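Inspection log for the structure reproduced underneath, given as structure tokens.
The values are calculated or read from the model by the stated rules, or taken from the named source; none is laboratory data. No experiment lies behind these values; they were computed from the predicted model shown. Cβ atoms come from the backbone with ideal geometry, glycine included; neighbour counts cover every protein chain shown.
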Amino acid sequence: MSRTSTGLLIGLMLALSPVTTLAQQKAADPAVIAKGEYLARAGDCIACHTAREGKTFAGGLAMKTPFGTLYTSNITPDPQTGIGTWTSDQFYQMMHNGRFPDGGLVYPAMPFASYTQVTREDSDAIYAYLRTVPPVRQPNRPHDLTFPFNNRSLILGWRTLFFREGEFKPDPTKSAEWNRGNYLVEGLGHCGMCHTPINALGGSRQSQAFEGGLIPMQNWYAPSLTSNKETGLGDWTIEEIVDYLRKGVSAKGAVYGPMAEVVYNSLQYLNDDDVRAMAVYLKGLAQGGPPEKASTALPSAESSLLLSLGKSIYDRDCASCHGATGQGMPPDYPPLAGNQSIQMVSAVNPIRMVLNGGYPPGTSGNPMPYGMPPFAQKLSDDEVAAVVTYIRTAWGNRGEPVSARQANELRAATLN
Amino acid sequence: MTYCLFPLTALLALVALPIGTAQGQTTERAPDTMAARVLACAPCHGAEGEGTSDAYFPRLAGKPAGYLYNQLIAFRDGRRKYPPMNYLLEFQTDDYLKKIAEYFASLRPEFPPPVPPVDSKEILARGEAIVKNGDAQHGIPPCSACHGPTLGGMEPGIPGLLGLRAVYISGQLGGWRYGTRTAFAPDCMQIVASLLTEDDVKAVAAYLSSRPAPADPSFAPRGSLPMPLECGSEPH
């Protein structure tokens, strides 16, 4: 009797154990799911994997690249069209190594070159969360790439050149806060995708990490995070960087363009400790150096004419908000004097702000932002060039003059 | 003692200085008003949403908040396409867009003087007929049936039609006919616009833009007009 029941019990246990494991896998710990949701925010998955007015995480967003248009994939748990049949191992392989479950290569528009740093534990949490979002039956749209980029085997070459697989390794000589910031910025945050120069092959130049670059197809310049002449944050306080990342506005400047998307969909949801850690790490990226002297080159007759036209436009159209001496009324009317994004070598961002205006994102910390009016319909190319030249060189700013041609070219920039 | 005191004083002075500067900087803030927040709209729509000399940009002031809100959402989400608007609104919340809509709905700036009609009397008469009586033979309801006898619109989702220029009106009607402007289903304006001929569109635009400012610039209260067809933007 006892032998029989023991045997039965063992039999039952054997039979039950796989079921239990499966059940556990299906209903993951709510704390893990919540952590996964948070980390998915940090990775900004939603921005690319959700189309305009589309179902959340169902993909289908068109991503224009110099090589053609990619359509993002469905990452809901639908078994036919999403990732419902994937295991956590397969999900990790995608995040860590940029490979589909069948071993196929993923186009590097998916930032696996950054996500490779994500720990297995965090990847599993994101996986657990994505299994809980509503499944959507929506087949992936085939990519529309031009020859020869429609040949996936080319990705092998790209990977050899630009992909370094490897989880994040903390630097024991640095603080826990710095390491956390490093992990978030370089890993899930995938900041380097825009803030590192892109070469002709669409690869980020690791030797120039965070040195800034023009974002292909969008015509916005992602400033250098290492040079204090650009958006190197060496001269910013931690508080100012935290405000910028979380609220979208700060005493030093506000976010517009593609960075507004990052704050809107991702950074505003991160907790104070994590944003602060990112700020500490970002501030540390800036390479120190004495501030440069104001340009002493005497203006030529032409640029002096440009400047006097620029000043009269500034006094008429800009000074009421940004102040007669460019001091602004921070954080809502950003200062222009001493503002690095005005003085960068690339004048793309200030020209675009004058032409198109813009709103910082509406965030929980700044729910009703103030907008910069567009001036494309009011100012001629010459006038845009004049006023941008003026704000780049007045009040001790050290930018170079811009030409009417530069202004004209950006009138055709894709807005949205 | 003196040796110790000196650096301490110097340190205090250094600490005090930045605080003073910070306080100086924080005193001048942007005005905490909606007008200041929506200044970005002013170059095209006027400082009070009254419209500008550019005929392609519509008057916003005094249109029902529900209508303005629907448009702001449609621009933000890319369903109504005009890149400068899509760009400006892309990262704003529903709550904020509602406040912007309510703000412009509450304004009552003066109407611009009506544009002297350049079209023939026959065209204007055709426009007036469609606006007031519709065209039963072609199944076209009168504009006034939904937009009100004074053409001031109806809460929450039907806009007023006065104070707009002919090119804007014909542009929007054209947008509905060709499917580039859409609204929530049933999209009644898509149905109405597709019944209009090009000449009808021209006539309606010419007549509406020639109308003087209404004596009472308010919109009709919700549900006060018996609408001849169902509209997704105007839930019953």
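Name the pairs: first residue in segment A:392-404 and in the same structural domain as A:N339 (by TED's automatic domain parsing), second residue among the aromatic types (F, W, Y) and in a helix (DSSP H, G or I), Cβ to Cβ under 9 Å, at least 6 apart or on different chains? Correct list of pairs: A:A394/A:Y314.
Looking only at residues in segment A:237-268 that are among the polar types (S, T, N, Q) and farther than 20 Å from A:A337 by Cβ, which one is nearest to the other protein chains (Cβ to nearest Cβ)?
A:N265
So for segment A:148-156 (the condition being hydrophobic (A, V, I, L, M, F, W, C), in a helix (DSSP H, G or I), more than 24 Å from A:V280 (Cα to Cα) and in contact (Cβ under 8 Å) with a residue 60 or more places away in the chain), does at least one residue qualify? Checked against the condition, which is being hydrophobic (A, V, I, L, M, F, W, C), in a helix (DSSP H, G or I), more than 24 Å from A:V280 (Cα to Cα) and in contact (Cβ under 8 Å) with a residue 60 or more places away in the chain, segment A:148-156 yields no hits at all. Screening B:T21, B:T26, B:T9 for residues that are part of a helix (DSSP H, G or I), at the interface with chain A (Cβ under 10 Å from one of its Cβ atoms) and modelled with pLDDT under 50 leaves exactly one candidate, B:T26. Each residue in segment A:315-337 was checked for being in contact with a helix residue (DSSP H, G or I) (Cβ under 9 Å, 6 or more places away or on another chain) and either within 23 Å of A:W220 (Cα to Cα) or not in a helix (DSSP H, G or I) (or both), and 16 pass.
A quick yes/no check of all residues on (1) surrounded by fewer than 20 Cβ atoms within 10 Å (Cβ to Cβ); (2) within 19 Å of A:Y264 (Cα to Cα):
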| site | (1), (2) |
| --- | --- |
| A:D44 | no, yes |
| A:A47 | yes, yes |
| A:G54 | yes, yes |
| A:G59 | no, yes |
| A:M63 | yes, yes |
| A:Y71 | yes, no |
| A:N74 | no, no |
| A:P79 | yes, no |
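The single residue among A:T87, A:T69 that is farther than 20 Å from A:H190 by Cα, at pLDDT 95 or above and either touching a Leu at 6+ places or on another chain (Cβ under 6 Å) or not assigned by TED's automatic domain parsing to the domain that holds A:E186 (or both) turns out to be A:T87. Put simply, of A:P369, A:P360 the only residue that is within 26 Å of B:R76 (Cα to Cα), touching a Ser or Thr at 6+ places or on another chain (Cβ under 9 Å) and either at pLDDT 95 or above or not assigned by TED's automatic domain parsing to the domain that holds A:Y314 (or both) is A:P369.
Matching residues to (1) within 14 Å of chain A (Cβ to nearest Cβ); (2) at pLDDT 90 or above:
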| residue | (1), (2) |
| --- | --- |
| B:V38 | yes, yes |
| B:D54 | yes, no |
| B:R59 | no, yes |
| B:Q71 | no, yes |
| B:L88 | yes, yes |
| B:K99 | yes, yes |
| B:P109 | no, yes |
| B:P112 | no, no |
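So which of A:R120, A:R152 is at pLDDT below 95 and basic (K, R)?
Exactly one residue qualifies, and that residue is A:R152.
Tell me, please, whether a residue that is part of a helix (DSSP H, G or I) and within 19 Å of the chain's Cα centre (by Cα) can be found in segment B:214-236. Within segment B:214-236, none of the residues are part of a helix (DSSP H, G or I) and within 19 Å of the chain's Cα centre (by Cα). Given the structure, is B:A105 more than 9 Å from chain A (Cβ to nearest Cβ), of a type in the set (G, A, S), in contact with a Leu (Cβ under 9 Å, 6 or more places away or on another chain) and part of a helix (DSSP H, G or I)? Considered against the rule, which asks whether it is more than 9 Å from chain A (Cβ to nearest Cβ), of a type in the set (G, A, S), in contact with a Leu (Cβ under 9 Å, 6 or more places away or on another chain) and part of a helix (DSSP H, G or I), B:A105 comes out as yes.
Note on segment A:338-412: enclosed helices (runs of 4 or more DSSP H) holding 2 or more residues that are at the interface with another protein chain (Cβ under 10 Å from one of its Cβ atoms) are A:348-356.
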